[in-house]
1. Restricting to segment A:42-60, name every residue that is in contact with a helix residue (DSSP H, G or I) (Cβ under 6 Å, 6 or more places away or on another chain) and at the interface with chain B (Cβ under 9 Å from one of its Cβ atoms).
2. It is to be established whether one or more residues within segment A:132-146 are over 27 Å from A:GLY30 (Cβ atoms) and buried (at least 21 other Cβ atoms within 10 Å of the Cβ).
3. So, in segment A:124-143, how many residues would count as being in contact (Cβ under 8 Å) with a residue 24 or more places away in the chain and touching a Leu at 6+ places or on another chain (Cβ under 8 Å)?
4. How many residues are more than 8 Å from chain A (Cβ to nearest Cβ) and either crowded, with 20+ Cβ neighbours inside 10 Å or within 17 Å of the chain's Cα centre (by Cα) (or both) if we restrict to segment B:260-300?
5. Quick one: would you say A:ASP95 is within 14 Å of chain B (Cβ to nearest Cβ), closer than 30 Å to B:LEU265 by Cβ, among the acidic types (Asp, Glu) and outside any helix (DSSP H, G or I)?
6. Output the number of the condition that B:THR306 fails; it satisfies all remaining conditions of (1) under 22 Å from the mean Cα position of the chain (by Cα); (2) modelled with pLDDT under 95; (3) more than 7 Å from chain A (Cβ to nearest Cβ).
7. Would you confirm whether any residue within segment A:752-768 is on the phi < 0 side of the Ramachandran plot, out of contact with any Phe, Trp or Tyr (no Cβ under 9 Å at 6 or more places or on another chain) and modelled with pLDDT under 90?
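The values are calculated or read from the model by the stated rules, or taken from the named source; none is laboratory data. Since the structure is predicted, the reported quantities are computational estimates derived from the model, not experimental observations. For neighbour counting, all protein chains shown are included, and Cβ atoms are generated from backbone atoms with ideal geometry for every residue, glycine included.
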Amino acid sequence: MDITVVKRDGSREPYDANKINLAIERASAGLDDNITWVTQIASELGLTLFDGITTQQLDEAVIQVALQNVKDDPQFDTVAARLLLKTIYKRVLGDYESDAELARLHREHFAPNLRRGVEEGLLDDRLIQMFDLDRLASALEPSRDDLLKYIGVVTLNNRYGIKGRNGDSLEVPQFFWMRIAMGLSLNEENPTEHAIRFYEKMSKLEYLAAGSTLVNAGTSYPQLANCFVMEMQDDIEHIAKTVRDVMWLTKGTGGIGLSVTKLRAQGSPIRSNNTTSTGPIPFMHTIDSVLRAVSRGGKKFGALCFYMENWHLDFQEFIDLRQNSGDPYRRTRTANTAVWISDEFMKRVQNDEDWYLFDPLEVSDLNELYGKAFSERYAHYVAEAEAGRMHMFKKMTAREQFKSILISLSASSHPWLTWKDTINNRALNNNTGTIHLSNLCTEICLPQDEDNVSVCNLASINLSQHLVNGAMDFALIEESARIAVRQLDNLIDITKSSVSEADYSNQQNRAVGLGVMGFTDVVERLGFSYESEEAYELIDEIMEHVSFAAIDESAELAKERGAYPNFEGSGWSKGMVPLDSIERTEADRGVPIKVNRKSRLDWDSLRAKVKGGMRNATLMAIAPTASIGLVAGTTPGLDPQFTQIFSRSTSSGKFLEVNRNLVADLQRLGLWEKTRESILRSQGDVQIIDELPDELKQVYKTSFQLSPYAFLEVAARAQKWIDQAISRNMYLETRDIGEMMDIYYGAWERGVKTTYYLHMKPRHQAEQSTVKVNKAEDIIASASLEGANSVASETKSAPARRGFAGLGNKPSE
Amino acid sequence: MSGILGTGVQEGLLLKPVKYQWAMDLYDQAVANTWFPNEIQLDQDIADFKRMTDEERHAITFLMSYFNPNELLVNKALAFGVYPYINAAEAHLYLAKQMWEEANHCMSFEYVLETFPIDRKEAYSSHVEVPSMARKEEFQVKYIKRMTEETLDIATVEGKQDFVRNLVAYNIILEGIWFYSGFMVALSFRQRNLLRNFGSLMDWIIRDESLHLKFGINLILTVLEENPELQTPEFASEIKQMILDAVEMEEQYNEDLLPRGILGLNASYINQYVKYLADRRLEELGFDAEYKVTNPAKWMATANDTYELVNFFESTNTSYEANAKAVSSKKE
């Protein structure tokens, strides 16, 4: 078949294999084996061609073919990334021949594309008014695009890059970084200089601003804040207002935490019309629908997490919100759920005592209390209930409820477990009121009430870029932390939301959350196991430096720009730093918190300094970095390696991830080519490779093979230094509820404030397509294994014969 | 009679002692795999569907036109040709769950057909009106009719052979080759970031079908083991020929599925995949591979072969398992 290609203008030309080969060869330059790759990609491409393919489809097809080889060598990912970048360059800048020409096109197009963005009403006018655009253009470094992996280029391009009104892409990656940097320098006296400083950090992937900031900075709709945390009040006017606020915040791409604890229970009396309430569940379903109606920046659905305290009378139905069966009107398919747990409950679980559920209407002060004060008041209500003076209540054993929470967690990954007393007792910022919930990703700890929708602004340091010559560069980490804090503080004066209670709270508290990502990448490159004392010590030391520098920078900013309005009365104003609140929490809890208290830096002088004023109510939080981690090309947050080869499903598609550190180690030992198919067959488990040295087996365990207590210990050591919290993803192989109870009790014991999504190891996977499979052989193998273990069993674990083996191999006979 | 085959209504009324542990294990896993189509929201996919090319929309519609009635055809094969001739309670349990799954798959395709802007009248009539599709259906019906029009005497060699023929037709061929080739085509869209939620639905269906195939192959191997009189070269070559014929039928069907190409796929590409699958099934039955071709769809490693880490704000997590407590006691 003659294949012709349809060009953009509609004309046709014969398919030119040479042209394609040349493009692939260029994209493979500098990598090993590029010659064999060219032939491989070209011949696999040949299989998929058809007459009438468009040039655009052809470009995409070449990339897809390169990508499908990543399972055999991760360097194909580099080839795919380069091919994709080239199509983006061509679209945005036009054709080019050499790197020098590409750099020139970057400089030439920078200002005109910004102007077009402003003219089309997409970008903030100030971007072309306040800056020395020539200087910025000459600061652009297109070679930094090499740092991006394929998934990073895709994510930047699909999610963050600006497109013109007619759909034209206006940004190449370096334009994008510069635009973000400019959008966060608008309040600086010397904006050009600061934009270059921020650009340098972000374009080198040393730290990244969080999602909403990357979507909206520099645009004409600058909602740059990431997290919004609010309560729904027990009154219909406020419920309606909350629906409205959820719509606006979602439109601006923010993630939302929403507490429904205050809503009276189902069957609770309503005085105004002498009827009874339907309880919180139907309102949650309504908000769930809103999330799907308003998309975030036109790119993702809304995201929200409901919080409820587990003494609420309707709590059992709250747990069921994420069940996959049952009345769809009593389910939230899109919104997430989290439970807000007291010390009192954990102690009652430990002591196997009863647990009482109440109608908030009758215990209206309970949601405002925490720690000892909560326990005392709770005991009072329990006594009232037992004395028959409560209108409505339920009673069960605390263990029974804990189990049902964990059963739901293991089946539906919800509700997430968060501990209110650890959060409130360790807070330095709740001088203005109680913290009633955390946020969408369980890393934010800020107070809120009817007049305050709390807001947090995030960025994450990419630890992978701070591992220099085989060691962590702590000076560089501190530099990154300081610049990031300034950038975050700027954001607060630039961002706008359409919820006045949020803008107000943002100004009063100036809360920011600086986190880290890439921990596992660094641990592996240092040759540590995630579950080793070295790894625990490393995260402890890293977070101490991040914390110290961030706090110090905020104190410096207070000198330059003034303290945040709610500073008076805060823990900071009393000379406290996060480490100091552990003891206070322990005293209130009356049970020791199992984490070491070692420190390395001069905290005493910092204690003195923070007393003088802080620019920000909070400084640190470790976000999940599920999207920006992809842009940075590193492991997200503190997450372990899911498995050594797995697929990642995002709104930009499904991507194969092969652990490059492992591949490099196996290649060094000459084992990669021999073992890659078995590693794929085992879903990324290398413990099966006999030749692999034990040290490496320790380093490359899958998330399900690691002890779950390792996740807790890493979190506990980081939590020492962090004033807010950590999105601690959990991974479990066990489905034993007793073991799960111990693990989550262990989280509370270590002072971990929150846990996040739970990934359970699947027990069964679909039949694999690309590795050799023979179910009959597997059956026989398992049968002989069983046979060896059991003596003359009546049970046939599997049939023994191999079907038609040796009988009918020549059908024509 | 002590084998897995038998017709006594009053046999197989007690589960314990479990004789065929593999069937019990498959039942437990199948229960844990329970899911429902309305867990998936298709809003984004509708937008994708509207901007796909005519050829791409045709391919998806064609696939669903085929899958939808054939899920139910599998149920007929089970109801008339498998369930009545088995007397192990554990196998009955599994078959009951499988039949519910086929119904659930049918409802899933209905869910998609009713949600997407598709010409439903055409979609529902294709399995009769498109010759290459009708031919595949007739092939299956032939084996089921043997069971519906007269009762098998499962004690005879002829009866047992008919039992195995039906099993190979619906399980190895229909589910193990024809469906699997369709799965690859369906998932190919997700690799291009199209129809991601439909892809999640397919993930679940494939997870179920993998168990169906495991059950079918275990059953065939067991029947052959317990009935050595079936192990003749004549019968073996007849079974092998059935599979080779099925490949040829699928090639015609693929021409109608993709008369032109779409990005990343054309009919001969799918045909190569079909041959790759057929070789795998042949080897599982103890035959040598016939075609010895490579798998052209290497990207299935990403689409299907690995654990999936879901960015759960953006995509449905399909790897959960329901029924946290409901694992029946195994070794007591």
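1. First pass over segment A:42-60, keeping only residues in contact with a helix residue (DSSP H, G or I) (Cβ under 6 Å, 6 or more places away or on another chain): A:42, A:44-45, A:47-48, A:59.
The answer is A:GLU44, A:LEU47, A:THR48.
2. Yes, some residue in segment A:132-146 is over 27 Å from A:GLY30 (Cβ atoms) and buried (at least 21 other Cβ atoms within 10 Å of the Cβ).
3. 5
4. 11
5. Working: within 14 Å of chain B (Cβ to nearest Cβ): no; closer than 30 Å to B:LEU265 by Cβ: yes; among the acidic types (Asp, Glu): yes; outside any helix (DSSP H, G or I): yes.
When the stated conditions are applied, A:ASP95 does not pass them.
6. Tallying (1) under 22 Å from the mean Cα position of the chain (by Cα); (2) modelled with pLDDT under 95; (3) more than 7 Å from chain A (Cβ to nearest Cβ), B:THR306 fails exactly one: (3).
7. We begin by selecting, within segment A:752-768, every residue on the phi < 0 side of the Ramachandran plot; these are A:752-768.
Then drop every residue that is not out of contact with any Phe, Trp or Tyr (no Cβ under 9 Å at 6 or more places or on another chain), which leaves A:763-764, A:768.
With modelled with pLDDT under 90 added as a condition, the list becomes A:763-764.
Yes, that holds for at least one residue.
Residue by residue, here is whether (1) more than 21 Å from A:ASP343 (Cβ to Cβ); (2) outside any helix (DSSP H, G or I); (3) more than 9 Å from chain B (Cβ to nearest Cβ); (4) of a type outside the set (S, T, N, Q) holds:
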residue	(1), (2), (3), (4)
A:PHE711	yes, no, yes, yes
A:ALA716	no, no, yes, yes
A:GLN724	no, yes, yes, no
A:ARG728	no, yes, yes, yes
A:THR734	yes, yes, yes, no
A:MET740	no, no, yes, yes
A:TYR745	no, no, yes, yes
A:ALA766	yes, yes, no, yes
A:LYS772	yes, yes, no, yes
